1. Of the conditions (1) in contact with a His (Cβ under 8 Å, 6 or more places away or on another chain); (2) over 30 Å from residue 216 (Cα atoms), residue 143 satisfies every one except a single condition; which number is it?
2. From the list 212, 169, pick out the single residue that is small (Gly, Ala, Ser), modelled with pLDDT under 95 and not assigned by TED's automatic domain parsing to the domain that holds residue 271.
3. Is at least one residue of region 236-243 buried (at least 16 other Cβ atoms within 10 Å of the Cβ), more than 25 Å from residue 136 (Cβ to Cβ) and not assigned by TED's automatic domain parsing to the domain that holds residue 279?
4. Going by what's in this entry, would residue 118 be described as surrounded by fewer than 13 Cβ atoms within 10 Å (Cβ to Cβ) and at pLDDT below 95?
5. Of all residues in region 5-25, count the ones that are part of a loop (DSSP other than H, G, I, E, B) and either without any contact (Cβ under 8 Å) to a residue 40 or more places away in the chain or among the aromatic types (Phe, Trp, Tyr) (or both).
6. Looking at the structure I just gave you, is residue 256 of a type outside the set (Gly, Ala, Ser) and touching a Lys or Arg at 6+ places or on another chain (Cβ under 6 Å)?
7. Identify the single condition in (1) at pLDDT 60 or above; (2) under 30 Å from residue 25 (Cβ atoms) that residue 265 does not satisfy, given that it satisfies every other one.
8. If residue 50 satisfies every condition in (1) in contact with a helix residue (DSSP H, G or I) (Cβ under 9 Å, 6 or more places away or on another chain); (2) farther than 27 Å from residue 136 by Cα; (3) surrounded by fewer than 18 Cβ atoms within 10 Å (Cβ to Cβ) but one, which is the exception?
Amino acid sequence: IAKSISGIPGTMVIFDYHDEYRFLEGENINFVQAQINPRLLTAEKFAEVIEIRDNADIQNTILLRAFDDDDLKKKTEDNFWDFLEINIKEIGFKEKRFTNSADRVLDKIKEARRRFDSILIPNSSDPVSQIKEGKVNVINLIEFTEKQANVAIAFYLESILYQRKLAKSQSLKSKNNMESQILFHGPVIVAIEEAHVFIPKNENTDTKYIASKVAREGRKFGVGLIIVSQRPRSLDPNVLSQMGSLSIMKIVQQEDQSQIGSASEAINGKIIEQLPSLNPGEALFVGQWVNLPSFIKIDEITERTMGKDPEPVKEWKNSSMSKELSIEDSQSYIREEYID
């Protein structure tokens with residue numbers, strides 16, 4: 001789908017949690033390293049990002065008070081972090097009952113600055129502005145924890161939907177003003193990999209909330225949603241049932257089969273029985289893109305290197321061979337007196 005869209009060219013956004021799309025090539029591919037601007041977050045979301053526990057009530061209260069400062073949101077670069085730390089220290093100094101907890105929050109802030117310096121960028125512009133219209137945008141989330149990725153995906157997704165609503169809106173004063181604010185003049189297709197992680201069955205997440213909204217009303221504003229999962233049994237059934245089309249590859253687990261069967265009235269028991277016997281590259285298409293449920297053959301993506309089944313024996317042999325060559329090279333240097 002991504003290769004086809006890039007050839008049009010159309011606008012697509014892929015949230016790549018496991019760095020599986022690095023193989024994509026072409027002038028219409030835009031690779032984006034996901035970033036979070038903490039100044040654009042609420043205190044609650046910032047607490048999630050820097051990994052303060054939900055049940056750490058006092059720490060969350062301190063962060064909320066320190067973060068709820070208009071001057072703080074205006075600070076950029078290291079000034080943001082320094083000002084945040086000053087606010088927290090003042091709270092701990094003025095209210096002795098908060099002193100120990102304030103120290104723990106400071107430790108969390110310092111740890112976040114050290115561990116996540118490449119993804120928490122206070123001076124970055126709106127991260128959504130890095131998405132280019134008319135390109136397949138691969139947003140790399142491999143450096144993010146699960147909670148951070150959830151916050152980031154929800155932020156991007158909500159902003160994309162807002163931008164498309166803005167493009168459709170007729171209430172703005174002038175066309176010129178509208179043109180200057182709109183990032184996406186045409187439809188946008190969004191793909192969420194590992195959807196069972198971010199749109200889970202029995203848990204509320206930010207991404208699940210926004211994805212459900214996009215699934216319900218996105219098509220009215222030109223936002224399409226693709227969810228990709230190897231564990232459909234763990235997907236939220238409400239979001240899954242709102243997918244207009246399904247592409248189903250080999251499914252063995254009975255729970256997965258039941259979830260797929262309940263997602264579409266077009267899938268009966270006889271069709272489900274055939275799912276475990278599908279070969280690599282074969283899929284069942286159901287929904288708006290076919291008149292009747294159809295088994296089809298998908299073109300192989302020969303450039304793909306990630307996402308394939310690992311070959312541990314081959315990798316071990318290659319690793320051993322590399323070590324032997326390295327030892328031989330070192331010994332030759334010693335013999336030739338390159339090493340004294």
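1. Checking residue 143 against (1) in contact with a His (Cβ under 8 Å, 6 or more places away or on another chain); (2) over 30 Å from residue 216 (Cα atoms), the one that fails is (1).
2. Of 212, 169, the one residue that is small (Gly, Ala, Ser), modelled with pLDDT under 95 and not assigned by TED's automatic domain parsing to the domain that holds residue 271 is 169.
3. Yes, that holds for at least one residue.
4. For residue 118, the condition - surrounded by fewer than 13 Cβ atoms within 10 Å (Cβ to Cβ) and at pLDDT below 95 - is met.
5. Here the count works out to 5.
6. yes
7. Every condition holds for residue 265 apart from (2).
8. (3)
The values are calculated or read from the model by the stated rules, or taken from the named source; none is laboratory data. Computed from a predicted structure; not experimentally measured. Methodologically, a virtual Cβ is constructed for each residue, glycine included, from the backbone with ideal geometry; neighbour enumeration extends over all protein chains shown.
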